[in-house]
Every structure is written in structure tokens, then in C-alpha cells.
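The structure under discussion appears below in the form of C-alpha cells.
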Amino acid sequence: MSKVGVIGAGKWGSALAFALSEKSDVFITSRTPREVKNFVSLKEILKCEYLIITVPAQQIASWLEDNFVFTNQKILVASKGIEATTGRFLNDIYANHIPESNIAFLSGPSFATEVMQSLPTALVINSKNEELSKEFSYLFPSFIKIYTSTDVIGAEVAGAYKNVIAIAAGICEGLGLGKNAAAALISRGLVEMQRFGLHYGAKEDSFLGLSGAGDLFLTASSNMSRNFRVGLGLAKGRTQEDILQELGEVAEGIGTAYALHEISQLRNLYLPIAKEVYEMLEGKNPKESLRDLLSS
Ligand SMILES: NC(=O)C1=CN([C@@H]2O[C@H](COP(=O)(O)OP(=O)(O)OC[C@H]3O[C@@H](n4cnc5c(N)ncnc54)[C@H](O)[C@@H]3O)[C@@H](O)[C@H]2O)C=CC1
Ligand SMILES: O=C(CO)COP(=O)(O)O
């Protein structure tokens, strides 16, 4: 049996540890010790041949710097986001520590709560190393159908950007603007994230498949999504701090909206929905933002 180590015992790390234990010996670690099955130290986890990393995008650079020692492990990154302070993509951050041949990125529609119940879904493993993607695909359980792709940047942009659109969709729902407005916003969001991805050399198809439309439709239409719930809170006039305190979990769309703001300024890119989400996080009235987005 393969030895798989999961880093991060939050919602997603715990769900992946559960799912992958169908076929492998799975161990898990976190920055604070937990009373969960097969919990081991970071030092022990780093000895596993396969590592699944779920440390959030805003913390990963310092986590890698402080904790990671590369000894030829095969890495699957399961987080989704862009670093707010620098606008760096995850694959750029990881490239300082892990060669391209040893790293893959997971994308697609996957609420941890449903994975924990063994409910079916289909996901994509994205890597420049096609053999590595295949190896990781064999580790996944029967209830998850795995596709593979070499479009790392497409998967990354889609996974990160959809969280920002999900915040906007939550605001739309929270303001009671109706299903027509939601569908308009989500489909414009898909176009916006695809245009942004193409700017970075992503493949168009990634945005129409599981990584793009699949994950966007899931996250932007359900209050199971933390990002969607951030939007619901903003629509009620609550502050970012207040919403996050109640959530108690990560909502990557917030940091990613700040990252997209930085990138759009630097590269002079037109990102209308991301811009409004950023401005609402900075205090703009949601009603005004949605009017600016949806009226002619
Ligand atoms: N929950 C879900 O349904 C899914 C989540 N994701 C992504 O997975 C990532 C993690 O999300 P969740 O596990 O749901 O969040 P969570 O809020 O449940 O857990 C976050 C985890 O990150 C760890 N962490 C936070 N700061 C850290 C630091 N400085 N150093 C080390 N570890 C740190 C926490 O200890 C915790 O284990 C996010 O990027 C999220 O977008 C992706 C797909 C599905
Ligand atoms: O990425 C996810 C599902 O694929 C989870 O989305 P949230 O972080 O918004 O809950």
C-alpha cells in the first residue's frame, strides 16, 4: 500500500485523508495536534512518498519556508487561491521548493462535507508531469472520478477566481436580486476568469470543464460554500472581520480579491466583478456595486 501524508487537518485535509484511505495508508498532520486517526508529527509526514498539501494560499509561502524539506516526495496541492500580498500564484510559490516534475494541483467541484459522505464527484489532477498525474489518480477512491490535465495555470486561475465570483454571487442572493441576476453574474464571472487565465497562457477548455464551470457553478450557487456565505454577510452590511469570525474557516476569495486588485493595477487588466468584490470588501455599498455591475 502507498503511504500518503496529508498536511493540514482542516475541512479539506480531513476529507481528503478520509477519501484516500480507501486505497492507501494515510497519515495526517496539522500545526496544532488533533485527536484524529493516524495523526503524526510533521517530521513523520515528510517521510511519506505522496504528500497532499491543504495549507491555505495566504499562509503557504511562510509555511514552506519554515517547515518544508524536499526529499523527492510527490506533491499534490489541494488549496485554491492567489497570494494577496504579492499576487503570486501557488505554482510560483511552490517552484521555490519543489521541481515541476514532482508537483500536481487538484481542481474541480469538491465540497469537503460531501466528500466526507462518499458522495460522487469528478476532479482534475493537473501537472506538467503526466506520469505523476496518473500516479495520483490511482490513489483516489472509487466515488471520485479523476481526469488529468497539463494546464496547471488554467486549473489554478479557475480554482482561485471562482471563489471571488462566489462572493459576488452570495451578495446577489443576499440582496434578493433573483435567479436571473445570479445566472447573469455567474456566466459573466466565467467569461472574466477565462479572459484572465488566457492572459497567463491557460487553455480555454479548462474553464469550460470541471476546473472552471464545474467548480464555479458549485461554489457560486450554494450556501455550503464559505465564499458564498461571505457574500451573504456583506449583503447584510456586516464587516469582513465579523463575517470571518463567525465562519471560523478559511474563505480564500477574500485574499484572492486583493491579489486580483493588485494584478489588475500592475497589468492594466479589466476585471469588473473582481474589482467590485474588492471594493465591497473595502467598504463600498453592495447595492451600489451590484447596480454598477448589472445595470446598463
Ligand atoms: N473545504 C472545502 O470544501 C475545500 C477547500 N479547498 C481549499 O483547501 C484549502 C484549505 O481549506 P479548508 O481545509 O477547507 O480550510 P479550514 O479553514 O477548514 O482549514 C485550514 C487548515 O489550514 C491550516 N493552516 C492555516 N494557517 C496555517 C499556517 N500558517 N501553517 C500551517 N497550517 C495552517 C489550519 O490549521 C487548518 O488545518 C483552501 O485553499 C480551500 O480553498 C479546496 C477544495 C474544497
Ligand atoms: O472549493 C470548494 C469546492 O470545490 C470549496 O469552496 P468554499 O471554500 O467556498 O467552501
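Where a number appears in this text, it was derived from the coordinates with a stated rule and is not lab data. All of these numbers come straight from a predicted model, not from anything done at the bench. Positions of Cβ are generated from backbone atoms using ideal geometry, with glycine treated the same way; all protein chains shown enter the neighbour counts.
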Problem set entry | Unit charges on C-beta of K, R, D, E only; dipole of the chain, Debye | 400 debye
Seminar exercise, completed: Residue by residue through the stretch 60-76, the couplings from Karplus 6.51 cos²θ - 1.76 cosθ + 1.60 with θ = phi - 60°, in Hz, x for Gly and Pro, are 5, 4, 6, 4, 4, 4, 7, 10, 8, 10, 7, 10, 6, 5, 9, 10, 10
Problem set entry | Reachable lysines, given that their alpha-carbon falls under 21 Å from the alpha-carbon of LYS23 and they are not under 8 places away in the same chain | LYS3, LYS11, LYS37, LYS47, LYS74, LYS134, LYS145
Exercise. In terms of the Cα gyration tensor, with a ≥ b ≥ c the square roots of its eigenvalues, is the stretch 1-45 rounded because a/c is under 1.5, prolate because a/b exceeds b/c, or oblate?
Worked result: oblate
Exercise. Which shape class applies to the stretch 3-150: rounded if a/c is under 1.5, otherwise prolate when a/b exceeds b/c and oblate if not, where a ≥ b ≥ c are the square roots of the Cα gyration tensor eigenvalues?
Worked result: rounded
For this session: With everything on Cα atoms, drop me the angle between helix 252-267 and the longest principal axis of the chain, reported from 0 to 90° to the nearest 10.
Result: 70 degrees
Exercise. Expressed in nm to one decimal, what extension gain is obtained for the pair THR86 and SER187 from 0.36 nm per residue of sequence separation less their Cα-Cα distance?
Worked result: 33.6 nm
Exercise. Restricting attention to the stretch 84-193, which trypsin sites (Lys or Arg not before Pro) occupy a DSSP loop and are surrounded by at most 12 other Cβ atoms within 10 Å?
Worked result: none
Problem set entry | Leading residue at positive end of dipole, the stretch 154-294 (Cβ point charges), from PHE217, LEU177, ALA257 | LEU177
Problem set entry | Built amide H within the under 5 Å cut-off of LYS145, gap 5+ | THR121, ALA122, LEU123
For this session: Hey, can you grab everything whose amide H is under 5 Å from the amide H of ASP25? Only 5+ residues off in sequence or another chain; H modelled, so Pro and N-termini drop out.
Result: SER2, VAL4
For this session: Provide the percentage of antiparallel DSSP beta bridges, counting only those with both residues in the stretch 35-153; round to the nearest 5.
Result: 25 percent
Seminar exercise, completed: Checked the stretch 171-296 with the C-alpha gyration tensor, a ≥ b ≥ c its square-rooted eigenvalues, rounded below a/c of 1.5, otherwise prolate if a/b is larger than b/c and oblate if not; verdict rounded
Seminar exercise, completed: Taking every DSSP bridge whose two residues both lie in the chain, the antiparallel percent to the nearest 5 is 15 percent
Problem set entry | Whole-Hz ³J(HN,Hα) from phi, Karplus 6.51 cos²θ - 1.76 cosθ + 1.60, for the stretch 154-163, glycine and proline x | x, 5, 5, 4, 4, x, 7, 5, 4, 5
Exercise. Most mobile of PRO109, PRO120, PRO56 per a Gaussian network model of the chain (Cα springs, under 10 Å)?
Worked result: PRO120
Exercise. For LYS287, which aspartates and glutamates qualify as cross-link partners when the Cα separation must be under 13 Å and same-chain residues fewer than eight apart are set aside?
Worked result: GLU173, GLU276, GLU279
Seminar exercise, completed: Residue by residue through the stretch 13-26, the couplings from Karplus 6.51 cos²θ - 1.76 cosθ + 1.60 with θ = phi - 60°, in Hz, x for Gly and Pro, are x, 5, 5, 5, 4, 4, 5, 6, 6, 4, 10, 9, 7, 10
Seminar exercise, completed: At the level of C-alpha centres, the distance separating the stretch 245-296 and the stretch 109-173, in angstrom, is 23 Å
For this session: Taking every pair of Cα atoms in the chain, average 1/r, invert it to obtain the Kirkwood radius, and report Rg/Rh to two decimals.
Result: 0.96
